[in-house]
Each structure stands twice: as structure tokens, then as C-alpha cells.
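The block underneath contains the structure these notes are about, expressed in C-alpha cells.
The values are calculated or read from the model by the stated rules, or taken from the named source; none is laboratory data. Quantities reported herein were computed from a predicted structural model and do not represent experimental measurements. So basically every Cβ, Gly included, is an ideal-geometry build from the backbone, and we count neighbours across all protein chains shown. We work out accessible area using only protein heavy atoms, side chains counted, and drop any ligands, DNA or RNA first. Shrake-Rupley method; radii C 1.70, N 1.55, O 1.52, S 1.80 Å.
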Amino acid sequence: MNLDDLAGVVALTEISGIGDKRALELHQTFEGIDDLLDSPRDAFSEFHYVDAEAYDSLQSLEPTIEETRQRFERHRADGIDVIGIEDDRYPAALAAQHSPLVIYTKGNTELLEQRSVSFSGSRETNATGQKWAREMAQDLAAEGYAIVSGGALGADTAAHEGALAAGGATIVVLGTGVETPHPAENEPLFEEIVHAGGVLISHRRPTAGPTRAGFLGRNKTLSALSPGLVIVATDGSGGTMSQYDDATTQERRVFVPSSTPDIRPYEGITEIRNTGSPLTIETETEIIEWYQQENAAQSTEPNSDTETGRSDDDTGQATLADWGPDTDEY
């Protein structure tokens, strides 16, 4: 999808009744955005959401498309990559899950296809938990795994720091835009990550501020990017448990620390252990062994790669019916 078509698809979402799924459906049905705009009213008979009002909006959409295209060009000129759902660089593991229509990245975009492990945990994670996460991430990064986390204080920050300490790669999945550091205290950390060859990624416009919907979308992306998610600490409420729910829905393997470390808060970890089926771990070895076993099992299936989620048999993209409700702007 070239920049003009991407701008056209995104501009479609400005029309009342047309969100991500419907915009992509229209784009895939017609031969490009120009063909879509030039088609007569009866060409949309099978699309109930393109009523008379929506069709009239289509006829006046060109200024919005041009404005969107120019915005994308400005982002790229500022060093921010704009990657559409049908771009070859769009992460296959993400396309197989909730598939944001557009993602924005700052830094080493190629890192999104590297084998990775995601980390999540409470902002209130104690010093013991942060040390455990930092050392775990450092050891995994030293073995060539990219460390994915959400850039928050506490466990997330520790995981990113561990990856940097190993000279490894780390991916920050933001709930805000890549030009809007959140939390503000971590702006120096994010700058260091980009400088060290890592990458910031967001499904929101680069200047977007914090919203609940933005962080919920961030959680889905965070767990989607990796086959496995390490949950460091949680009290059983808040974003970390939402992250756990997303991971289980996406059929990701969840890892939790053993009951022996004095990590707090731990109430949510106990809940996960009692109600779910996480793998309890003490060192990075258990994670690496699981990845190797899964990779060996998948290697018997043709054209699959369990570490990146890529399949040569198809695009790996979630069907339109798999997508959740629209939650944000692009």
C-alpha cells in the first residue's frame, strides 16, 4: 500500500459509520482509492454502511486524503515511520492479532521482526521485583531476544534497562504518540533506547496524549508482538491484569516468577497461578527452553515461524471479523 492509498484508507475513517474494518474492506474491494471515489452509488449496494450521506461524504473526501498524506509526509520528514496494515514491514505477529490500521515507529523498525519476549508489571513493583525483571531481561537480551514492554515506571522500566545493560535491543510500546513521552520521567530512557538501536511504537498519532483507550490498545500490541509474556508483579487489578487477559485471548504463553522471590505486589500473580496455566520461572533458561520447544514443534508444520508469528502460507493477517471495535484516531 503506497502512501496515497494509506492516506485514503485512513481518511475513510473520518466518515461517520466507517471505522478501521470497514475502511480496509472498501479498500480491498475496489482497485485503489481513486477507483473507490470514482465509483457510482450502486457500486456500494452490498455495503449497508455506505448510505446516501456516507456516499456524499466520499465525494468530498479528497481534501481530507491530501491533508492526511501531507501529515504522513511530515511525520516521515521528522524521522517517524508510518506503516500501514498492508505494508511489508508491518509486523506479522501483530497482523495476526488485533491489527491496528496504522502504526508509527521511531527508531529501528526492523527490530519488530526479531524474536522477542514481552514484559509487563505493576508500576508499584518493589525493588526486588525490579531487580528480577532487570536481570531476566538482561539475560534474555544477551541471548538475542528483543525485550518488549510498555515504558511505564516499575517493572517496564526495569525490563528496558536490563536489555540496554546487555547491549541488546528493546521495543517500547506506547499508549501515547511516539512524540509524547509517557511517563514524562522516562523521556531520557526512551531517547537512550532509540539511540541504542531500539524502537518506539504506537498505533496513535505521534502527538497523541494519554487516554484509557490508548493504553488498552497498547496492551494488545505489547502481548501480540511476542509469543510469550512475563508478568512480573501485580496486585490483581489495573492494567497488568488487563494485559494478562489480552495475552490469554491471543493465546500467548504467560510466565510468572516462582513463589520464592520476595516480589511485591504478588496477589495478582497468585490469582493467575490459581486460575490460569502460566509457566512458573526462576531464570531466563525456562523461557528459552520453552521457545526452543515451541520452535521445534512448529518446525514440523510447513512454512511457519513461531517466534515471529509469520507464515509463508498466507499473510497471517487477522480477518476483518477478528478485529475489535475501533478505539482511536490515526
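Take the residues of region 203-216 that are small (Gly, Ala, Ser) and touching a strand residue (DSSP E or B) at 6+ places or on another chain (Cβ under 9 Å): which is farthest from Gly268 (Cα to Cα)? Break it down stepwise before answering.
First pass over region 203-216, keeping only residues small (Gly, Ala, Ser): 208-209, 213-214.
Pick out the ones that are also touching a strand residue (DSSP E or B) at 6+ places or on another chain (Cβ under 9 Å) and you get 208, 214.
Numbers: Ala208: 31, Gly214: 23 Å.
Here the residue is Ala208.
For region 204-289, give me every one of the strands (runs of 3 or more DSSP E) that falls completely inside it and has 3 or more residues that are of a type in the set (A, V, I, L, M, F, W, C) and either closer than 28 Å to Ser99 by Cβ or more than 15 Å from the chain's Cα centre (by Cα) (or both).
Numbers: elements: 228-231, 253-257, 279-281.
Answer list for region 204-289: 228-231, 253-257.
Residues of region 93-110 being in contact with a strand residue (DSSP E or B) (Cβ under 6 Å, 6 or more places away or on another chain) and either modelled with pLDDT under 95 or closer than 15 Å to Leu6 by Cα (or both), which ones? So that I can check it myself, show each step before the final result.
Here is the first cut: in region 93-110, the ones in contact with a strand residue (DSSP E or B) (Cβ under 6 Å, 6 or more places away or on another chain) are 102-109.
Selection gives Val102, Ile103, Tyr104.
Residue-by-condition table, conditions (1) of a type in the set (D, E, K, R); (2) open to solvent by 10 Å² or more (accessible area, probe 1.4 Å):
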{"site": "Thr180", "(1), (2)": "no, yes"}
{"site": "Glu185", "(1), (2)": "yes, yes"}
{"site": "Leu229", "(1), (2)": "no, no"}
{"site": "Val232", "(1), (2)": "no, no"}
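Hey, can you tell me all the residues within region 144-153 that are open to solvent by less than 10 Å² (accessible area, probe 1.4 Å), assigned to a loop (DSSP other than H, G, I, E, B) and among the small types (Gly, Ala, Ser)?
Residues of region 144-153 open to solvent by less than 10 Å² (accessible area, probe 1.4 Å): 145-151.
Now drop any that are not assigned to a loop (DSSP other than H, G, I, E, B), which leaves 145, 150-151.
Across region 144-153, the qualifying residues are Gly150, Gly151.
Among the numbered criteria (1) open to solvent by 40 Å² or more (accessible area, probe 1.4 Å); (2) assigned to a strand (DSSP E or B); (3) not basic (Lys, Arg), which one does Leu200 miss?
It fails just one condition, (1).
Of the residues that sit in region 131-143 and are without any contact (Cβ under 8 Å) to a residue 40 or more places away in the chain and open to solvent by 30 Å² or more (accessible area, probe 1.4 Å), which one is nearest to Asp246 (Cα to Cα)?
From region 131-143, those without any contact (Cβ under 8 Å) to a residue 40 or more places away in the chain are 131, 134-135, 137-138, 141-142; that's our starting set.
Keeping just the survivors that are open to solvent by 30 Å² or more (accessible area, probe 1.4 Å) gives 131, 134-135, 138, 142.
On the way: Lys131: 25, Arg134: 23, Glu135: 25, Gln138: 25, Ala142: 27 Å.
Within region 131-143, the match that is nearest to Asp246 (Cα to Cα) is Arg134.
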